[in-house]
1. Enumerate the strands (runs of 3 or more DSSP E) found wholly within segment 51-168, keeping only those where 1 or more residues are over 13 Å from the mean Cα position of the chain (by Cα), basic (Lys, Arg) and modelled with pLDDT under 95.
2. For segment 37-76, how many residues are touching a Phe, Trp or Tyr at 6+ places or on another chain (Cβ under 7 Å) and polar (S, T, N, Q)?
3. Within the group Glu287, Glu280, which residue is under 22 Å from the mean Cα position of the chain (by Cα), modelled with pLDDT of 95 or more and surrounded by fewer than 19 Cβ atoms within 10 Å (Cβ to Cβ)?
4. Name the single residue, out of those in segment 33-56 being acidic (Asp, Glu) and surrounded by fewer than 11 Cβ atoms within 10 Å (Cβ to Cβ), that is nearest to Glu69 (Cα to Cα).
5. Going through segment 14-26 one residue at a time, which ones are assigned to a loop (DSSP other than H, G, I, E, B) and under 11 Å from Val36 (Cβ atoms)?
6. Which pairs turn up if I take residues in segment 73-101 that are more than 14 Å from His144 (Cα to Cα) and look for partners that are modelled with pLDDT under 90 and among the acidic types (Asp, Glu) with beta carbon separation below 9 Å, at least 6 apart in sequence or on another chain?
7. Search segment 193-233 for residues being surrounded by fewer than 19 Cβ atoms within 10 Å (Cβ to Cβ) and among the small types (Gly, Ala, Ser), and hand back the single one that is modelled with the lowest pLDDT.
Amino acid sequence: MLDAMFPIGTVVAGRFRLDELVAEGGMGIVYRATEVRERDGDTREVRSVAVKLIHPRRAADPAYLTRFERETATVVQLQHPNIVPVHDFGEWQGRPYIAFAWIAGEDLGARIERSGKLSLEQTIRVLAPVAEALDAAHERGLVHRDIKPGNILLGGRDAVYLTDFGLARPSDALAAPTLPGARLMGTAPFIAPEQLRPRTIKPELAHRIDIYALACVAFACLTGDGPFRRDSDEAIIFAHADEEPPKISEERSDLPAALDSVLARALAKDPALRYGSAGELVTAMREAAAEPPPPPPPPPPPPPP
């Protein structure tokens with residue numbers, strides 16, 4: 001999408017110099033950038049930032065622009081220590097943009113790919129601050145809708161941040177009918193069943209979309225992948241809709257059996273049966289972790305004489 005990109009060195013909105021293309025997704029392009037300020041003919045570098053420029057096809061939709069401005073303003077107001085802070089947002093050369101803090105580190109997906117499976121204690125340590133961030137967003141009536149390892153950033157000193165509210169919507173706006181051919185919002189391994197049937201979403205339960213996804217992230221931390229492993233995104237999506245998730249203790253014998261019931265509740269097809277908050281899910285995971293580990297398997301019988 002060359003028409004969507006800008007040359008390195010471009011200064012966006014007179015403030016943000018684009019230094020490196022970092023990522024490109026369905027909603028836009030992310031650059032590592034430097035905030036600069038001009039004073040008395042000199043250019044001063046202020047801080048490193050990430051700048052997301054929305055794709056032109058989105059920018060051409062007036063309804064999308066209105067929603068973008070409203071929902072980005074909501075994220076700015078969250079002001080939570082575990083949500084990547086937004087420094088600025090607006091429109092430049094016909095393109096909506098967001099400038100937010102640059103987090104030096106890696107995302108959880110990269111950590112899982114690099115290190116393999118995490119321990120239950122490590123998983124809880126990562127998910128607890130994410131749950132706090134989610135609960136803060138939910139209290140403001142905002143549903144993230146794209147909780148996945150790639151949107152969880154791991155900074156220095158064990159800092160954890162939730163990022164990319166690009167798909168976030170108010171909880172009372174999620175039951176709108178889906179137009180024929182509309183793109184499914186979310187990421188297949190972490191998508192809640194009701195996201196496939198928006199008309200079924202009740203505003204008071206809409207935030208439990210994120211709780212389901214957080215449980216899928218727990219699965220990915222502990223097993224290396226989401227609860228459903230299939231050959232295609234379409235097959236994964238159908239599994240979310242119709243199949244019961246596997247018991248995680250059957251995939252990892254070192255995990256307490258109590259964790260099975262915790263994740264089964266968080267992954268219930270009916271959102272009314274899930275935990276009421278992300279914090280409740282993490283608390284239940286902590287309680288399961290406190291149970292004694294399963295006994296080791298008995299030794300094999302001695303060979304016959």
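1. 95-101
2. 2
3. Glu280
4. Glu45
5. If the condition is that a residue be assigned to a loop (DSSP other than H, G, I, E, B) and under 11 Å from Val36 (Cβ atoms), then Gly14, Arg15 are the ones that fit.
6. Cβ pairs passing all conditions: Phe89/Glu69; Gly90/Glu69; Glu91/Glu69; Pro96/Glu69.
7. Ser232
The values are calculated or read from the model by the stated rules, or taken from the named source; none is laboratory data. This structure is a prediction, so every number in the text was calculated from the model and none was measured. Glycine gets a Cβ as well: all are built from the backbone with ideal geometry, and neighbour counts include every protein chain shown.
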